[in-house]
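Trainee: First the structure, which I've put down as structure tokens, then a few questions once you've had a look.
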Amino acid sequence: MLVVDDNKVIRQLIRVNLELEGFEVVTAADGVECLDLVHRVSPDVVTLDVVMPRLDGLQTATRLRSDPRTRHLPVAIISACTPYEVDNGVAAGVDAFLAKPFEPSELVRVVRQLLERGRPPVLDGRQGAGRAESAAG
């Protein structure tokens, strides 16, 4: 997991809640740091705040989607989730949105859903039958 937020308290809150559920978490303070870390830590999911210095969450999501190495990496926006953020997040290829303030259980649920979507389907047909609709979104 790579958690990106310019607010240290929010970063720690997200980190602690995910670590309590057994996730390994690395944090970054902004989009520039995220793009620097993402190839070194190879996270399974990235969470992004929108309003950050240097490179905001929407620009970071766009860059993650434009890089073949991170194109399919599940990305969640954790922010105020205004209509502007959601519309532009969808356009940038964001997979999920979680509005601040959030319940820790909601955070864990969103991350688990993204991890499930990020797993490749099993080729024998037992798993992945319902993936077509989620993959299209």
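Trainee: Looking at Tyr84 and the list (1) surrounded by 13 or more Cβ atoms within 10 Å (Cβ to Cβ); (2) of a type outside the set (A, V, I, L, M, F, W, C); (3) closer than 20 Å to Phe102 by Cα, which single condition is not satisfied?
Mentor: Status for Tyr84: all satisfied but (1).
Trainee: Within region 42-52, how many residues are within 12 Å of Val4 (Cβ to Cβ) and either among the charged types (D, E, K, R) or open to solvent by 40 Å² or more (accessible area, probe 1.4 Å) (or both)?
Mentor: Count: 2.
Trainee: To continue, here is another question. Look at Leu2 and say whether it is at pLDDT 95 or above, aliphatic (A, V, I, L, M) and within 17 Å of Lys100 (Cβ to Cβ).
Mentor: no
Trainee: Restricting to region 1-12, name every residue that is open to solvent by 30 Å² or more (accessible area, probe 1.4 Å) and without any contact (Cβ under 8 Å) to a residue 60 or more places away in the chain.
Mentor: Across region 1-12, the qualifying residues are Asp6, Asn7, Lys8, Val9, Arg11, Gln12.
Trainee: Hey, another quick one. Of all residues being open to solvent by 100 Å² or more (accessible area, probe 1.4 Å) and over 16 Å from the mean Cα position of the chain (by Cα) in region 97-130, which is modelled with the lowest pLDDT? Just the residue, please.
Mentor: Arg126
Trainee: Residue pairs, Cβ under 7 Å, 6 or more apart or interchain, first in region 42-67 and within 19 Å of Val110 (Cβ to Cβ), second of a type in the set (S, T, N, Q) and assigned to a helix (DSSP H, G or I). List them.
Mentor: These pairs meet every condition: Leu48/Thr60; Leu58/Asn88.
The values are calculated or read from the model by the stated rules, or taken from the named source; none is laboratory data. Since the model is a prediction, treat every value here as computed from it, not as a measurement. Please note: Cβ atoms are built from the backbone with ideal geometry, for glycine as well, and neighbour counts cover all protein chains shown. Only protein heavy atoms, including side chains, enter the accessible area calculation; ligands, DNA and RNA are left aside. Shrake-Rupley method; radii C 1.70, N 1.55, O 1.52, S 1.80 Å.
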